[in-house]
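What follows is a single structure, written as structure tokens, with notes after it.
The values are calculated or read from the model by the stated rules, or taken from the named source; none is laboratory data. Keep in mind that what you see is a predicted model, and the values were worked out from it rather than measured. Positions of Cβ are backbone-derived with ideal geometry, glycine not excepted, and every protein chain shown enters the neighbour counts.
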Amino acid sequence: MSNKIKSLLVVALLSLLPTLLVWLPFYLRIPEFWNIPLPQKGMATIVSNYDGPLYIVVAKTLYNVEAIVRNYAISLPAEYYAAHFPLFPVLIRIFSYVLGYPYAMLTVTLASSVLATYFFNKLIKQYLSGNAAIVATFAFVIFPARWLIVKSVGSTEPLFVATLIASVYYFKNQKYWWAGIWGALAQLTKSPGILLFVSYFLALVVPNLKSITTMSLGKWFKSLNLKTYPILLIPLALLLVFVVYGITYKDFFAYFHSGDNIHLFFPPFQIFNYSAPWVGTFWLEEVIFVYLIGALGFINLVKQKENVLAWFVGVFFATTIFISHRDIIRYSLPIIPFLYIAFKDTIERKEFKYVLLFLIIPIYLFSLAYISQNVMQISNWAPYL
């Protein structure tokens, strides 16, 4: 067996095993674990976790307004589904012919998780070697706990993070067509994919702004790295999504009319408005730690002269301070892989291994508790099967 295949198997095992362990108590219908009460619905609890069933709706209807209204009588307008970009549901639909929609959704999530771990491992090996790279990869598959959770239910985040890492990996290695293709796939997965294009654009243009005062505009433009033009596939992918919405919803800008789905508000830090619809609590102190880690990570990448990664983390992190949503960690997941690079010196220390081992149990318990409660109440599953 070649070393590449062995490495791929190790990466797949690292990615899948934690998820399978999370599934186990639900699959076995254990009444409680570590004094945490668990629902007795088996894998239905996993499948019904937000926002999995909503993506099944898109997979089955392909944004057909009449089909949505006729078959999915829940308190959501048909326009709401325009916030759910098409790549993840299309993949669910493809696999559904063999597995059925619920398990096709979980399969796509698992495969995307393996893909994310694979590209993270490739990227981190450019900064860490040997045992340190393995430790970082293991840490990535379980931390933060919110990442382990979205990998264990029907979720678009694993596919989004996988395509983001792949695009950045190829961009850093000057393989711009691959960077553009993977970036376009990220854009077809979630709306924040356009921030990847913004990051690339700033990384290319800002370092050359000083020279614009000393040369003509034509010469300055030629001084830019024009070989990076395949990144234009990213905004083209967004345009394609809007064209699809123009056909299905008869509204090119249906995404912006999808209701309470865009959680960006001014001024920043509106997450601390406990009366906001998607906040609803004043227990928010851990949000400050999220900001702390994100800001320190960005500063570290700037100090390390990681131009592309710093812009990417900086742009994504800047948007999070305008997000008013209790689940701020889920919105921060795109920058997590690159924060491991920002804190690579810490990861190389032996103390990091001990802390990681200590965190395994609380991460696991939090995952069980969260998944057990974050379920959609669906009385009739027939339209989703």
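Here are the numbers:
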read-out	value
Qualifying residue in the range 19-29 (condition: surrounded by fewer than 16 Cβ atoms within 10 Å (Cβ to Cβ) and in a loop (DSSP other than H, G, I, E, B))	yes
Selection within the range 129-149 - touching an Asp or Glu at 6+ places or on another chain (Cβ under 9 Å) and surrounded by fewer than 20 Cβ atoms within 10 Å (Cβ to Cβ)	A132, V135
Residue check for A111: free of Cβ contacts under 8 Å to residues at least 12 places away in the same chain and surrounded by fewer than 20 Cβ atoms within 10 Å (Cβ to Cβ)	yes
Qualifying positions in the range 252-261 - free of Cβ contacts under 8 Å to residues at least 12 places away in the same chain and not in a helix (DSSP H, G or I)	F252, F253
Qualifying position, being aliphatic (A, V, I, L, M), surrounded by 14 or more Cβ atoms within 10 Å (Cβ to Cβ), at pLDDT 95 or above and touching a helix residue (DSSP H, G or I) at 6+ places or on another chain (Cβ under 6 Å), among L202, L159	L159
Set K172, K190: member being surrounded by 18 or more Cβ atoms within 10 Å (Cβ to Cβ), under 21 Å from G294 (Cβ atoms) and among the charged types (D, E, K, R)	K190
Residue match in the range 65-79 (condition: touching a Ser or Thr at 6+ places or on another chain (Cβ under 8 Å), modelled with pLDDT of 95 or more and more than 21 Å from D327 (Cβ to Cβ))	no
Residue check for A116: within 20 Å of Y364 (Cβ to Cβ), outside any loop (DSSP other than H, G, I, E, B), in the same structural domain as A179 (by TED's automatic domain parsing) and not polar (S, T, N, Q)	yes
Flag for K350 being closer than 25 Å to Y170 by Cβ, of a type in the set (D, E, K, R) and either surrounded by fewer than 17 Cβ atoms within 10 Å (Cβ to Cβ) or in contact (Cβ under 8 Å) with a residue 60 or more places away in the chain (or both)	no
Test for S96: is it buried (at least 18 other Cβ atoms within 10 Å of the Cβ) and not basic (K, R)	yes
Top-ranked residue of the range 5-58 - restricted to ones that are in contact (Cβ under 8 Å) with a residue 24 or more places away in the chain and of a type in the set (F, W, Y), ranked as farthest from Y384 (Cα to Cα)	W34
Some residue of the range 39-48 being assigned by TED's automatic domain parsing to the domain that holds V141, modelled with pLDDT of 95 or more, in contact with a strand residue (DSSP E or B) (Cβ under 7 Å, 6 or more places away or on another chain) and not hydroxyl-bearing (S, T, Y)	no
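This table checks each residue for (1) of a type in the set (A, V, I, L, M, F, W, C); (2) buried (at least 16 other Cβ atoms within 10 Å of the Cβ); (3) out of contact with any strand residue (DSSP E or B) (no Cβ under 6 Å at 6 or more places or on another chain).
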{"residue": "N273", "(1), (2), (3)": "no, no, yes"}
{"residue": "P277", "(1), (2), (3)": "no, no, yes"}
{"residue": "G297", "(1), (2), (3)": "no, yes, yes"}
{"residue": "L309", "(1), (2), (3)": "yes, yes, yes"}
{"residue": "F312", "(1), (2), (3)": "yes, yes, yes"}
{"residue": "V315", "(1), (2), (3)": "yes, yes, yes"}
{"residue": "I329", "(1), (2), (3)": "yes, yes, yes"}
{"residue": "L356", "(1), (2), (3)": "yes, yes, yes"}
{"residue": "N380", "(1), (2), (3)": "no, no, yes"}
